[in-house]
1. When the residues of the stretch A:348-366 are filtered to those that are touching a Lys or Arg at 6+ places or on another chain (Cβ under 9 Å) and under 13 Å from residue A:331 (Cα atoms), which remaining residue is surrounded by the fewest Cβ atoms within 10 Å (Cβ to Cβ)?
2. For the stretch B:172-190, which residues satisfy the criterion of being closer than 25 Å to residue B:46 by Cβ, in a strand (DSSP E or B) and in contact (Cβ under 8 Å) with a residue 24 or more places away in the chain?
3. Got a sec? Which strands (runs of 3 or more DSSP E) wholly within the stretch A:93-192 have at least 2 residues that are touching a helix residue (DSSP H, G or I) at 6+ places or on another chain (Cβ under 9 Å), more than 30 Å from residue A:43 (Cα to Cα) and modelled with pLDDT under 95?
4. Hey, can you tell me all the residues within the stretch A:172-185 that are of a type in the set (A, V, I, L, M) and surrounded by 23 or more Cβ atoms within 10 Å (Cβ to Cβ)?
5. What tally of residues in the stretch B:285-329 results from selecting those that are of a type in the set (Ser, Thr, Tyr) and more than 11 Å from chain A (Cβ to nearest Cβ)?
6. Specify which of the listed residues (B:304, B:300, B:291) is surrounded by fewer than 24 Cβ atoms within 10 Å (Cβ to Cβ), of a type in the set (Asp, Glu) and in contact (Cβ under 8 Å) with a residue 24 or more places away in the chain.
7. When residue A:335 is evaluated against the numbered criteria (1) closer than 30 Å to residue B:255 by Cα; (2) in contact (Cβ under 8 Å) with a residue 40 or more places away in the chain; (3) in contact with a Ser or Thr (Cβ under 6 Å, 6 or more places away or on another chain), which criterion, by number, is the only one it fails?
8. Quick one: residue B:16 ticks every box in (1) over 22 Å from residue B:162 (Cα atoms); (2) surrounded by fewer than 15 Cβ atoms within 10 Å (Cβ to Cβ) except a single one, so which number is it?
Amino acid sequence: MTDPRAETEGHDDIDRDALADDAFRMQVREWLQVNCPAHVRFPAGRMHWHECRDWWDILYRKGWIAPAWPRELGGMGLSPIRQIVMVEELERHGCGRMPDQGITQVGPIIIRYGTPAQKAWYLPRTLSGEAIWCQGYSEPNAGSDLASLQTSAVEDGDDYVINGSKIWTTLAMDATHMYVLARTDRSVKKQEGISFLLLDMKAPGITVRPIRNIAGDDEFCQVFFDDVRTPKSNLVGALNQGWTIAKSLLGFERLGIGSPRRPQLAFARLEKLARARGLFSDPVFMDRFTALRLDIADLSAAYEVFVEQVRRGEPLGADVSLLKIWATETMQRSSELMLEAGDEYGALGGDSDVEGVRLNVLAPFYSSRPGTIYGGSNEIQRNILAKAVLRLPT
Amino acid sequence: MTDAATLDQRRLLADSVADYCRRSDPLRRARALRDTEPGFDRAAWQEMAELGWTGVIVPEAFGGLGLAVADHAVVARGLSASMVPEPVTAAMIATCAIVGCSEGELKASLLEGIVAGAILPALAWQAAPGDIDPSRLAVVAVPDPASPGDMLLEGSACFVVGASGADGFVVSVREPDAPALHWVPAATPGLSLSMRRLADGRPAADLRFERAAVPRGNCLARGEAALHALGAALDHGQFAIAAELLGLSQRLLDTTLDYLRTRSQFGKAIGSFQALQHRAVDLYIHQRIGDAAFEQALRDADADEGTRRAAAASRAKARACETARQVTREAIQMHGAIGFTDDCDVGLYVKRALVLSAWLGNARLHRGRYAALVPLEPAEA
């Protein structure tokens, strides 16, 4: 399927390969300045689909919605290092994250493991935004121990019948489709009995219940499956290969989670508060403030080491997890100092007027929580580093 | 980015340092020489000179290797990892000050002597503990009324590391109309050293000048040039000390990880316990962040613009202190009671880290200087 607008307006056809990385960066930067709508910049939380679909369409028409996908499938076909440049420029401009799991997660999986029919059906719809995806991995009893998941898929004629429940499903209420890890064999080791399935969120038997989070937002949901049928043609890869498929995305993704950008944004809020409250002349505050500033500057230095590794074409090792730990915990420390620096303002919910400056003192406190929990909690990351990098015994 | 030839050069330096440490067992010497004077072995110093390490940053015209502070850092890091007791960084700081001075016969003969190992210099500049401003000069130099060829030095300089056994001192002084750097031989009458024992068992000294007569010809630099040379030497010294801290911290981390892998309690290696694994990972992260920050800061080590160089030095030193602080404290705890004994080498690393962290500005001081030097970039949020 091709979006007719793509034909009339034309996909971006500049020979970007001929540009140097810096020239490419400037091209992206300038384009964002002209084309990115203001309302998707620096959003307070995750954006819902209705809040950002115009921005999605702009990127789609430009041919920039999928930087990592091959060009023949409608992506930009960027090298890993240029993908990083693209992400850095989007972050620099403050572009909020869209419901992009189709682009970043299931799309690459379908490209690598999907059947020709799955590619032909899902990939164009995923690009155009017709198919909005959510991720069905975690379950109420399978969080950090994801491989113990219990949602089952049982063969019945031409279908799989799914029963069970998924939780912490980000923006499930906006999604048209879900990619699911489901148990298809209980007789083998837990990792070896899991399959990767696609399903339509309109299928009968699906219930989506939004979960209000600690900040008062409903970004994630619990999803219930009651005899939900999905055709066998929606199995991705081989039966019971789901764990391997899901794991194939790790590594590069952890580099993204370890980017210094989010801690930098949290720190910028702290700076704004400190300025408003005249704290730059307080030596006790300044020492802690500068320690944080250096924690972030030095995170950037470590991040750059890994980016260089990508630039040289080397695969990332397990050590990349250190970025996630340092980035997310630095962000939490920044939010703590912000609370302290806020005094009573730190007890106010929502935006408030802090000595003439509009600020939400608590926002970083809330928004820095998920980072240490999702994508493999920081404790899981430490387990990985202890075992795979430090070779500590079991 | 650093080019391939430079990386090869650094690899060669690192290899030669590692080779030296393998065959000379510096740790044993460091232990044996504690609480003695001068606290190091002049023959070992001579060997280091022959290996080229006393002249890494000395221009080739004076017989040195003509390399950068980043290259000296490779040497400092490797030697520190093995607890080498010789005052490698103290001498480098004084050497760096001389390199930055105006050309002249004295400069040439000092540098050639330093490269050869015949002259061991130290830098005396600090007015008071906690001071990091090179323009606060605590020693005054006035013309000697009795001898028109001499200047008389009066005053004191504190915390001169490497003073014991030094052949002479680069001393920052205030002359009647300008700051200056003078070369003062150790045997100069009127110069007295009061020794202070550092935590790591090496000596440092407070220098006292009482009508110490120094020939006018011993002036190495005067005016802005003197302050510039001194400032560059202190910044480069902070880089070298940071390299030492990271080197010893890396070695102690490796030792501690080995201990976690082999020490058995409750029937299994203690490194299998998650509480210790997670803390070990945190140390590893501190080390990686420290190394990455140091490498990035080094890019500004040779910036002509002093502010950028000083900010980078402060960033490197503040981070290296923090890395070493985390690793050394946890190393004691993870070794248990044995880590608190004098027999265990952990203590040598802990104490060296204490000394290096306090020398030329501790972490808090450098955070303060960094904040003062680097304006906040306004960011959108």
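1. Among those that are touching a Lys or Arg at 6+ places or on another chain (Cβ under 9 Å) and under 13 Å from residue A:331 (Cα atoms), it is A:363.
2. Scanning the stretch B:172-190 gives B:183, B:184.
3. Ranges flagged: none.
4. A:172, A:175, A:178, A:180, A:181, A:182
5. Total meeting the criteria: 2.
6. B:291
7. Just one mismatch for residue A:335, condition (1).
8. If we test residue B:16 against (1) over 22 Å from residue B:162 (Cα atoms); (2) surrounded by fewer than 15 Cβ atoms within 10 Å (Cβ to Cβ), just (2) comes out false.
The values are calculated or read from the model by the stated rules, or taken from the named source; none is laboratory data. Predicted, not measured: the structure shown is a model, and the values here were computed from it. All Cβ positions, even for glycine, are placed from backbone atoms using ideal geometry, and neighbour counts span all protein chains on display.
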